[in-house]
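Undergrad: Quick one: this structure, given as structure tokens, is what I'll be asking you about.
The values are calculated or read from the model by the stated rules, or taken from the named source; none is laboratory data. Because the structure is a prediction, the values reported are computed rather than measured. Cβ sites come from the backbone with ideal geometry, for glycine too, and all protein chains shown count toward neighbours.
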Amino acid sequence: MSEQLIFVRHGALPSACANSFVGTHEIDLSEEGRAEASAVGRWLSRQKYDRVFSGTLLRVRHTREIASQSDLRLREFVADDRLNELDFGDWSLLKFDLLQQRYGSSFDQWNMGMADFTFPNGENIGHFISRTRGVMRDLTACDAECAVVFSHGGVLMSLIADAVGLERKDVFRIWLERGGVALIRRAAGGSWRLTSMFRPADFE
């Protein structure tokens, strides 16, 4: 049973993606994102862990691949598409101000706890909640003492929220930056505690 989980959010994306939902679109890392991935690899090379899990979208794959240049252990991993980002459907790659104009209150009022909300031509949040909670059950039950998980902001912040008992509607109170790492550790009694969040690139 896992005693610690290390969550890694993919590195930064091109500036054209700023202030928009990227979702399941295949967008590669920017130069900054590749540098962040390298820093993650150097940091992980100094840590103890025994399993690696990864989403399958390009930006996550490339973060792990670049990090593996500094830490060869990352080349052995379990791919899991449940770790992929929400499919925002018609909202994908549109700027937030345009979404507000186009969808009004639907854009202003949605949150990650609205299980009955479905993004236009995209994913239902209830489905997203179900698949990410399934991932967390598997991660906590696996035979690794410490596992590393490469994924996306929405996924990782949701996993952390569930682990520490925060309601899904408040997910974005836990903000893990791109290129960032979050550590959660099992405490006495089996509960989880968020112990740190940082960007390894900030400390080099």
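Undergrad: I'd like the full set of residues that are polar (S, T, N, Q) and either part of a loop (DSSP other than H, G, I, E, B) or buried (at least 20 other Cβ atoms within 10 Å of the Cβ) (or both), limited to segment 172-204.
TA: SER191
Undergrad: If you take the residues in segment 16-55 that are of a type in the set (Gly, Ala, Ser) and under 25 Å from CYS142 (Cα atoms), which one is farthest from the chain's Cα centre (by Cα)?
TA: Applying the filter and picking the extreme gives SER45.
Undergrad: Which condition does TRP43 not pass, out of (1) assigned to a helix (DSSP H, G or I); (2) farther than 29 Å from VAL164 by Cα, if it passes all the others?
TA: Tallying (1) assigned to a helix (DSSP H, G or I); (2) farther than 29 Å from VAL164 by Cα, TRP43 fails exactly one: (2).
Undergrad: Out of the residues in segment 56-87 that are among the basic types (Lys, Arg) and within 13 Å of the chain's Cα centre (by Cα), which is nearest to VAL149 (Cα to Cα)?
TA: The extreme case among them is ARG64.
Undergrad: Looking at ASP87, ASP71, which one is crowded, with 17+ Cβ neighbours inside 10 Å, in contact with a helix residue (DSSP H, G or I) (Cβ under 6 Å, 6 or more places away or on another chain) and of a type in the set (Asp, Glu)?
TA: Of ASP87, ASP71, the one residue that is crowded, with 17+ Cβ neighbours inside 10 Å, in contact with a helix residue (DSSP H, G or I) (Cβ under 6 Å, 6 or more places away or on another chain) and of a type in the set (Asp, Glu) is ASP71.
Undergrad: Hey, another quick one. Out of segment 96-118, which residues are hydroxyl-bearing (Ser, Thr, Tyr) and in a helix (DSSP H, G or I)?
TA: Of everything in segment 96-118, those that are hydroxyl-bearing (Ser, Thr, Tyr) and in a helix (DSSP H, G or I) turn out to be TYR103, SER105, SER106.
Undergrad: Go through (1) more than 21 Å from GLY154 (Cβ to Cβ); (2) at pLDDT 95 or above and name the single condition GLY104 misses.
TA: That leaves (2) as the condition not met.
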